[in-house]
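Participant: Input: one structure, supplied below.
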Amino acid sequence: MTPRRPLPRSASAPDPHPTADQASKDAMSNATTVSPAHSASTASTLITNIAALVTNDPSLSDSSPLGLIQDAAVVIEGDRVVWTGESSKAPTTDNRVDAGGRAVIPGFVDSHSHLVFAGDRTEEFNARMSGRPYTAGGIRTTVAATRAATDAELEANLTRHLAEALRQGTTTFETKSGYGLTVEDEARALRLAARHTDEVTYLGAHVVSPEHADDPAAYVALVTGEMLDACAPHARWIDVFCEKGAFDGDQARAILTAGKARGLHPRVHANQLTHGPGVQLAVELDAASADHCTHLTDADVDALAAGDTVATLLPGAEFSTRAAWPDARRLLDAGVTVALSTDCNPGSSFTSSVPFCIALAVRDMRMTPDEALWSATAGGAAALRRTDVGRLTPGAYADLVLLDAPSHVHLAYRPGVPLASQVWRRGARVA
């Protein structure tokens with residue numbers, strides 16, 4: 001497996017509006033060991049008889065990026081991992097869970113999704129897959145349905161898809177606005193999302209709103225002004241669709257710079273449909289991730305390899321649009337940190353399944369099973385600048401998946417099979 005640069009120790013970015021509890025969490029996120037005495041009132045649980053444990057910590061095993069331990073065990077106390085190692089060396093605990101010879105992996109970190117929406121675009125997908133022309137409004141179709149939906153309807157749809165993802169092993173997710181495109185609708189999307197995740201992204205710059213179709217400059221002014229003022233309190237990130245037909249490089253720079261001034265860190269929809277300035281802009285502004293990365297020059301790849309911006313690949317979008325696959329092999333061989341995510345949205349990638357995306361990445365993007373799993377766990381964490389998720393090491397959150405298989409390779413080897421036997425999040429069995 002191609003070595004990657006380790007995630008920087010400072011990679012867990014602070015919340016732009018931290019509370020005392022969040023400050024405590026941030027301090028823990030960079031810990032490397034946790035004393036079992038840190039919460040004396042919390043029972044400890046040993047998960048043992050693990051055929052193969054993926055820790056994503058090379059120092060815990062054979063120095064491979066997956067940090068794979070055979071015949072392994074994990075000890076959880078409260079919401080954290082406090083010990084990992086060989087079963088024969090496990091400490092005494094209050095409780096014991098037999099994994100039954102299953103593989104255990106970190107919970108998936110889905111670092112790119114669009115889950116606050118209403119309606120679907122079945123007719124558009126059917127026409128595209130049937131080779132028929134389709135003239136409906138694409139994103140604007142979803143915008144109209146989302147604006148018409150009540151808060152309760154939007155939240156019910158959001159939680160339904162989150163539960164669907166959780167059953168398949170996703171324990172951390174990011175989601176965006178972008179289907180409101182008015183001050184009120186963008187703010188409510190973020191407000192609803194923030195009830196369910198800390199990883200909330202302001203994407204008022206998804207496309208130019210229908211009301212501003214003839215005056216994009218006025219819409220950029222809205223996105224960087226009144227809309228940003230309303231949305232910033234509910235978000236950690238700011239994103240922009242830097243693409244022909246959406247926002248050009250100058251517009252994207254203005255939007256991301258305004259967001260940074262309000263404490264939001266950049267992400268970029270970059271180089272999906274054509275080559276453009278998105279990747280270079282992402283690296284220039286120290287964006288946490290450049291997402292899609294389908295059409296790249298050598299200079300783009302070099303920039304990603306030299307910087308701290310993660311290349312987030314979204315194979316569900318290529319599958320659903322029959323577009324060219326990103327060249328993951330080219331990025332990995334250049335030393336770029338790669339994440340895999342679902343891009344779950346009603347138009348171009350209506351899947352919440354990270355295992356499905358892993359199978360696509362292995363089959364069609366020339367990733368190895370090890371690389372694909374790392375990218376869907378530790379890679380996703382890097383794309384969110386987190387060190388407390390995406391790995392099973394002392395100090396990390398106890399987010400893990402027991403697979404009905406002896407090896408993580410089965411995620412690609414048995415595509416479409418529901419392999420998540422148990423899902424644990426923050427130390428509790430949740431699915």
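The values are calculated or read from the model by the stated rules, or taken from the named source; none is laboratory data. Everything quoted here is computed from the prediction, not taken from an experiment. Using ideal geometry, Cβ is built from the backbone for each residue, glycine included, and neighbour counts are taken over all protein chains shown. Quick note on the areas: whole protein, heavy atoms, side chains included, nothing else; ligands and nucleic acids left out. Shrake-Rupley method; radii C 1.70, N 1.55, O 1.52, S 1.80 Å.
Participant: Nearest-5 percent of antiparallel DSSP beta bridges in the chain?
Facilitator: Taking every DSSP beta bridge with both residues in the chain, the antiparallel ones total about 45 percent.
Participant: Round to the nearest 10 and report in Å² the accessible area of Trp83, as given by a 1.4 Å probe over the protein chains' heavy atoms.
Facilitator: 60 Å²
Participant: Let me ask you something else. How much area per residue is accessible in the range 47-116 when the probe is 1.4 Å and only protein heavy atoms are counted (Å²)?
Facilitator: Dividing the accessible area of the range 47-116 by its residue count gives 35 Å².
Participant: One-quarter of the Cα convex hull surface for the range 176-255, in nm²?
Facilitator: Convex hull of Cα atoms, orientation-averaged projection: 4.6 nm².
Participant: Another question about this same structure. For the range 121-198, compute Rg over Rh where Rg is the Cα radius of gyration and Rh is the Kirkwood radius from the inverse mean 1/r over Cα pairs.
Facilitator: Taking Rg over the Kirkwood Rh, I get 1.03.
Participant: When the chain is modelled as a GNM with alpha-carbon springs shorter than 10 Å, which of Val82, Val74, Val417 fluctuates the most?
Facilitator: Most flexible of the set in this elastic network: Val417.
Participant: Something else now. Farthest toward the dipole's positive end in the chain, which of Ala246, Leu166, Thr146, given Cβ charges of +1 (Lys, Arg) and -1 (Asp, Glu) about the Cα centre?
Facilitator: With unit charges placed on the Cβ atoms, the residue in question is Leu166.
Participant: If you don't mind, another one. Could you please put Glu124, Glu184 in sequence from largest to smallest accessible area, using a 1.4 Å probe?
Facilitator: Glu184, Glu124
Participant: Between the alpha-carbon centers of the range 355-384 and the range 191-230, tell me the distance in whole angstrom.
Facilitator: Each part's Cα centre sits 30 Å from the other's.
Participant: Work out the length of the dipole vector of the range 106-263 about its Cα centre, built from +1 on the beta-carbon of each Lys and Arg and -1 on the beta-carbon of each Asp and Glu, and round it to the nearest 20 debye.
Facilitator: 340 debye
Participant: With +1 assigned to the C-beta of every Lys and Arg and -1 to the C-beta of every Asp and Glu, and no other charges, what is the dipole magnitude of the range 281-368 about the Cα centre in debye, to the nearest 20?
Facilitator: 480 debye
Participant: Let me ask you something else. Keeping all protein chains in the complex and leaving out DNA, RNA and ligands, what accessible area do you get for Asp404 with a 1.4 Å probe, in Å² to the nearest 10?
Facilitator: Per-residue accessible area (Asp404): approximately 80 Å².
Participant: To the nearest 10 degrees, how steep is helix 151-167 against the longest Cα principal axis of the chain, on a 0 to 90 scale?
Facilitator: Once rounded, one gets 40 degrees.
Participant: Quickly estimate the mean residue ellipticity at 222 nm for the chain, helices only: each DSSP H run with n ≥ 4 gives -39500 (n - 2.57), and the total goes over all residues, rounded to 500.
Facilitator: Computed mean residue ellipticity for the chain: -9000 deg cm²/dmol.
Participant: Continuing with this model, one more query. From the mean inverse distance of alpha carbon pairs (Kirkwood) and the Cα radius of gyration, derive Rg over Rh for the chain.
Facilitator: Rg/Rh for the chain comes to 0.96.
Participant: In addition: Can you tell me which of Leu46, Leu392, Leu203 moves the most in a GNM of the chain? Springs connect C-alpha atoms under 10 Å apart.
Facilitator: For the chain, modelled as a Gaussian network with Cα springs under 10 Å, the answer is Leu46.
Participant: Can you tell me the 0 to 90 degree angle between the C-alpha axis of helix 139-148 and the longest principal axis of the chain, rounded to 10?
Facilitator: 80 degrees
Participant: Can you tell me the accessible area per residue over the range 148-287, all protein chains present, probe 1.4 angstrom, in square angstrom?
Facilitator: Ligands and nucleic acids excluded, the figure is 36 Å² per residue.
Participant: For Lys260, Lys89, Lys176, write out the residues from largest to smallest accessible area, computed with a 1.4 angstrom probe and no ligands counted.
Facilitator: In descending accessible area the options line up as Lys89, Lys260, Lys176.
Participant: Using a Gaussian network model of the chain with C-alpha springs under 10 Å, which one of Phe173, Phe241, Phe125 is most mobile by mean-square fluctuation?
Facilitator: Largest GNM mean-square fluctuation: Phe125.
Participant: Solvent-accessible area of Leu304, probe 1.4 Å, all protein chains present, reported in Å² to the nearest ten, please.
Facilitator: 0 Å²
Participant: For Asp364 and Glu123, FRET efficiency with R0 = 35 Å and r from the beta-carbon atoms, rounded to 0.05?
Facilitator: E(calc), rounded to 0.05, equals 0.85.
Participant: Cross-chain or 8 or more residues apart, Cα under 25 Å: how many lysine pairs in the chain fit that? Count them up, please.
Facilitator: Going through the chain pair by pair, I get 5.
Participant: Rounded if a/c is under 1.5, else prolate if a/b is larger than b/c, else oblate: which is the range 190-332, with a ≥ b ≥ c the root eigenvalues of its Cα gyration tensor?
Facilitator: It comes out prolate by the Cα gyration axes.
Participant: Could you tell me which of Ala282, Val82, Ser177 has its Cα farthest along the dipole of the chain towards the positive end, charges placed at Cβ (Lys, Arg +1; Asp, Glu -1), taken about the Cα centre?
Facilitator: Farthest towards the positive end: Val82.
Participant: Where the only charges are on Cβ atoms (+1 Lys, Arg; -1 Asp, Glu), what is the dipole of the chain about its Cα centre, to the nearest 20 debye?
Facilitator: Roughly 800 debye, rounded to the nearest 20.
Participant: According to a simple spin-label model (label point 7 Å from Cα along Cα-to-Cβ), what is the distance in nm between Thr297 and Arg132?
Facilitator: 4.1 nm
Participant: Just to make sure I understand: if all protein chains stay in place, what is the order of Glu211, Glu199 by accessible area at 1.4 Å, largest first?
Facilitator: Order by accessible area, largest first: Glu211, Glu199.
Participant: Oh, and also: Hey, what does the equivalent ellipsoid look like for the range 50-164, semi-axes from the Cα gyration tensor as sqrt of 5 times each eigenvalue, largest first, whole Å?
Facilitator: Equivalent ellipsoid semi-axes, largest first: 45, 19, 12 Å.
Participant: Rounded to the nearest 0.05, what FRET efficiency is calculated for Gln70 and Ala148 with R0 set to 51 Å and r the Cβ-Cβ distance?
Facilitator: 0.40
Participant: Rounded to two decimals, what ratio of Rg to Rh does the range 226-308 give with C-alpha atoms and a Kirkwood Rh?
Facilitator: Rg divided by Rh gives 0.98.
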